[in-house]
Amino acid sequence: MHSCHFIYLVPSVHCRHAVQLLCFLLKKDIAVVVLHFTIHVWFFDLVYHINLVFLFSPLQSEISRLENQINQLHGQLRKAGVHLDENPTSSEMSRKELVEIDPINTERREKVKDAMLHAWNSYVKYAWGMDELQPQSKNGVNSFGGLGATLVDSLDTLYIMGLKDEFQKARDWVAESLSFDKDYDASVFETTIRVVGGLLSAYDMSGDKVFLEKAKDITDRLLPAWDTPSGIPYNSINLAHGQAHNFGWTNGDSILADSGTEQLELIALSQRTGDPKYQLKAENVILQLQKIYPSDGLLPIYINPQSGTSSYSTITFGAMGDSFYEYLLKVWIQGNKTESVKHYRQMWETSMEGLISLTRKTTPSNYSYICEKNGGAFSDKMDELACFAPGMLALGASGYGPEKAEQIMNLAEELARTCYNFYQTTPTKLAGENYYFHPGQDMNVGTSWNILRPETIESLMYLWRLTGNKTYQDWGWDIFQAFEKNSRIASGYVGLRDVNSGEKDDKMQSFFLAETLKYLYLLFSPPSVISFDEWVFNTEAHPLRIAPIHDNKGHSIDIATPVVRPFGRKQGKQG
Ligand code: DMJ
């Protein structure tokens, strides 16, 4: 066989093959011939590549336009109640690839990953192992009793972003240094959603048993909180001694969201350990609330744990109400929408009628918002916290018939527009904590801080995935840029004391890494990354794997290792 020594001067694989063939046919090792041929090939290759440049740009925008149209059609079908099979079939795969080659998404995703690395590295440097970083003071603070809240909250975000070294270092800290034996009165709600949720999600992604053992340890410490006459839990418990009580400022009552936002985590723990005791406690809460459920599905925020009845108090989709409604829908999804979880869906649908009854329009611009209720009186106020609702509505829409699904989806989109405008109407382009709606004035900031909350981004992620409308990605990008401009400092990310003046606070909330940055990353990733068919997000954005139907009854399920292929640096850049 004659060899062509200059073969690697030839610029493309195809041309190299041609030269090799020529050498073979001539049966000569003639470098001059090769070089001569190469010059021609280079010339044609050059012309070919120039043509590609001219051809590719219009083609790419055409691909983008068609992709948008497909996504929109997909959204319309969903609205009409037609559900496409979303398992990764070959057509799904090609759609996924189309999204991945979108250079704008790739660039945005990389910027979000860079933000995560900046937040994480700052935490590592100044607050390693503590609950939260105070970026201005450059130290840590144990706002949750010293449970490594930011570290545990970040595990799955690091994993999804393919930050393997960072994940491994955090994993080792969990294995070697995370102790729950703390003489500390912990919030049952915060500990469940951040710590139990974070650990279970890390377990589902990595398959590493250390996370499951730790999740079991902390949940066993929380469990006595449910030992009340009604089964409605106390909202605080001492992690070392197991004494449970309610916060002083609630007059002895339990809080609706704090009591009805542990179901996903405790059911998931029962599924993974095979021990039904967690699930039974959490599910009993819903059965008790079902007994007192009003016809409009709207429960006041205070419930008496002795009697199991609600106390006269505010009805809201914002603070202290919010995630109770979210979990009704998500437990139904986690339970594979089967008969045994049907009552969750029914309660949720009833509550959505209640939500619709609280919906109002602003003047002059016709923005939809969800007001609050106290007894017979309505208050024209909405928390930014309630901006999770558009995402929840969009997620639940497909369970309705076509007409209702369209109504719910339209409402979701209208509310998302309002939430986006919470951001757009301030000088910093970051939303305040809540808004008031006065006739003729659309919306005015009430409490004017911004603590890096995720709810609007969360809803934009759901809406983009479920409608295919890229506008939601652009809105998310606007908000991300506002965080970069106002909240990023050399030692992490801070909230704002005032979204009007831009004055900074001194706290990097753990949910910024758990939720805000994760939802942003997913907003610019293909929908197959943590697909809604396989995962359900807890209220702290920790994805929990949906167990197959036959494993739904508290049997131990085997989570194979690893079930998520991280969307790592290399893959990200190829996109
Ligand atoms: C998070 O801890 C959770 O999203 C919770 O449901 C509401 N509050 C924060 C984020 O704002």
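The values are calculated or read from the model by the stated rules, or taken from the named source; none is laboratory data. This structure is a prediction, so every number in the text was calculated from the model and none was measured. Note that each Cβ is placed from the backbone with ideal geometry, even for glycine, and that neighbours are counted across all protein chains shown. Just the protein is used for accessible areas: all its heavy atoms, side chains included, with ligands, DNA and RNA removed. Shrake-Rupley method; radii C 1.70, N 1.55, O 1.52, S 1.80 Å.
Would a scan of region 225-240 turn up a residue that is within 16 Å of the ligand (Cβ to nearest atom) and among the β-branched types (Val, Ile, Thr)? Scanning region 225-240, I find no residue that is within 16 Å of the ligand (Cβ to nearest atom) and among the β-branched types (Val, Ile, Thr), so the answer is no. Set side by side, the residues MET409, MET443, MET461 differ, and just one is aliphatic (A, V, I, L, M) and under 16 Å from LEU520 (Cα atoms), which is MET461. From the list THR150, THR228, THR157, THR219, exactly one residue is touching a strand residue (DSSP E or B) at 6+ places or on another chain (Cβ under 9 Å) and assigned to a helix (DSSP H, G or I). Which is it? Criteria check complete, one pass: THR150.
Restricting region 541-551 to residues that are assigned to a loop (DSSP other than H, G, I, E, B) and within 16 Å of the ligand (Cβ to nearest atom), the residue that is surrounded by the fewest Cβ atoms within 10 Å (Cβ to Cβ) is ALA541. Being over 23 Å from TYR123 (Cα atoms) and away from the ligand (no atom under 14 Å from the Cβ) holds for only one residue in ASN500, ASN538, and it is ASN500. Highlighted here are the helices (runs of 4 or more DSSP H) found entirely within region 248-320 that include at least 3 residues which are more than 16 Å from the ligand (Cβ to nearest atom): 263-273, 277-291. Scanning region 501-529 for residues that are under 19 Å from ASP102 (Cα atoms) and either surrounded by fewer than 24 Cβ atoms within 10 Å (Cβ to Cβ) or not assigned by TED's automatic domain parsing to the domain that holds GLN134 (or both) yields a total of 4.
With respect to the stated conditions, THR471 fails to be polar (S, T, N, Q) and in contact (Cβ under 8 Å) with a residue 24 or more places away in the chain. Test ASN421 against the criterion of being more than 16 Å from the ligand (Cβ to nearest atom) and touching a residue at least 12 places away in the same chain (Cβ under 8 Å), and give yes or no. Yes.
Evaluating PHE480 against the criteria (1) more than 16 Å from the ligand (Cβ to nearest atom); (2) over 20 Å from the mean Cα position of the chain (by Cα); (3) within 30 Å of ASN410 (Cα to Cα) leaves one unmet condition, (2). Entry remark, region 99-135: residues being part of a strand (DSSP E or B) and open to solvent by 10 Å² or more (accessible area, probe 1.4 Å) number 1 in total.
For every residue, the table says whether it meets (1) modelled with pLDDT under 95; (2) open to solvent by less than 50 Å² (accessible area, probe 1.4 Å); (3) in the same structural domain as ILE408 (by TED's automatic domain parsing); (4) touching a Gly at 6+ places or on another chain (Cβ under 7 Å).
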| site | (1), (2), (3), (4) |
| --- | --- |
| GLN290 | no, no, yes, no |
| PHE317 | no, yes, yes, no |
| GLU339 | no, no, yes, no |
| ARG345 | no, yes, yes, yes |
| TRP348 | no, yes, yes, yes |
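Kindly indicate which of GLN168, GLN243 is within 30 Å of TYR312 (Cα to Cα), open to solvent by 20 Å² or more (accessible area, probe 1.4 Å), over 20 Å from the mean Cα position of the chain (by Cα) and of a type outside the set (D, E, K, R). Every option except GLN243 fails the conditions.
When restricted to residues that are assigned to a loop (DSSP other than H, G, I, E, B) and crowded, with 24+ Cβ neighbours inside 10 Å, region 431-453 contains 2.
For region 176-229, a residue qualifies if it is open to solvent by 10 Å² or more (accessible area, probe 1.4 Å), touching a residue at least 24 places away in the same chain (Cβ under 8 Å) and charged (D, E, K, R), and the qualifying residues are ASP181, LYS182, ASP183, ASP185, GLU190, ARG194, ASP208, LYS214, LYS216, ASP217, ARG221.
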